[in-house]
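Below is one structure, written out as structure tokens; the observations come after it.
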Amino acid sequence: MREKPEPIQVIKTRRDGALLRLVDAIPYIKFMGISFERRGDELTGTMAYSDMLIGNPTLPAIHGGATAAFLETTAIIELAWSELWGKIETEKLSGAEIEELPLPILPKTIDFTTDYLAAGKPRDIYTRARINRSGRRYASVHVEAWQDNRQKIIGQATGHFLMPSKDA
């Protein structure tokens, strides 16, 4: 006889709780006004518009450093989330067990190349990352940022990361 599946709301609560715990552990994310939304195993980042993000008040345009920081943060969270996702899905942890689960050690940036394709207007920015390769020691991630239209990318980046040792 087959095991009865978990109710979908229990699964969603477990996944959302794990993501919130991961994001809340990094104060910089809150400072920058960044949040992440989960759909299945896919994350979309949002950096809420704030006057502090403006780099050129004449245009006005979002500072390139803020855009690059958001892209890099998205890549790192995507890598950490993919590791955390594997643990919570294979072990089917409860909410209390997720609270006790040690957070993954974040990968270290080896290099990060950002392409600015358009000026960021004074509004929210969205990002989505794709892991091209993730091994025991190294990962490669591509990230795209947009504002009003997903097809009109304002910035993209490729990052290479040193993955934390599984023994640590």
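The values are calculated or read from the model by the stated rules, or taken from the named source; none is laboratory data. Bear in mind that the values here come from a model prediction, so they are computed numbers and not experimental data. Because the Cβ atoms are built from the backbone with ideal geometry, glycine has one as well, and the counts that use them run over all protein chains shown.
Of the numbered criteria (1) under 19 Å from Lys121 (Cα atoms); (2) at pLDDT below 90; (3) of a type in the set (A, V, I, L, M), the one Ala61 fails is (2).
If you go through region 7-38 and pick out every residue that is surrounded by 11 or more Cβ atoms within 10 Å (Cβ to Cβ) and either in contact with a Leu (Cβ under 8 Å, 6 or more places away or on another chain) or not in a helix (DSSP H, G or I) (or both), you end up with 14.
All of Gln147, Gln156 fail the test of being touching a residue at least 40 places away in the same chain (Cβ under 8 Å), farther than 18 Å from Leu22 by Cβ and among the polar types (S, T, N, Q), apart from Gln156.
Take Ile131 and tell me if it is exposed (fewer than 15 other Cβ atoms within 10 Å of the Cβ), hydrophobic (A, V, I, L, M, F, W, C) and farther than 11 Å from Thr67 by Cα. Break it down stepwise before answering.
On the way: exposed (fewer than 15 other Cβ atoms within 10 Å of the Cβ): no; hydrophobic (A, V, I, L, M, F, W, C): yes; farther than 11 Å from Thr67 by Cα: yes.
The answer is no for Ile131.
Counting only strands (runs of 3 or more DSSP E) that fall entirely inside region 60-168 and contain at least 1 residues that are of a type in the set (Lys, Arg), the qualifying elements are 108-116, 125-134.
Take the residues in region 119-135 that are among the basic types (Lys, Arg) and farther than 20 Å from Arg39 by Cβ; name whichever of them is farthest from the chain's Cα centre (by Cα). Before the answer, list the steps.
Narrowing region 119-135 to residues among the basic types (Lys, Arg): 121, 123, 128, 130, 133.
Filter once more, keeping what is farther than 20 Å from Arg39 by Cβ: 121, 123, 133.
Working: Lys121: 21, Arg123: 19, Arg133: 16 Å.
Across region 119-135, the extreme among qualifying residues is Lys121.
What about Glu78, is it touching a residue at least 24 places away in the same chain (Cβ under 8 Å) and at negative phi?
Values: touching a residue at least 24 places away in the same chain (Cβ under 8 Å): yes; at negative phi: yes.
Yes.
Given the residues Tyr138, Tyr116, which is the only one that is over 23 Å from Glu37 (Cβ atoms), surrounded by fewer than 17 Cβ atoms within 10 Å (Cβ to Cβ), touching a Gly at 6+ places or on another chain (Cβ under 6 Å) and in contact (Cβ under 8 Å) with a residue 24 or more places away in the chain? The match here is Tyr116.
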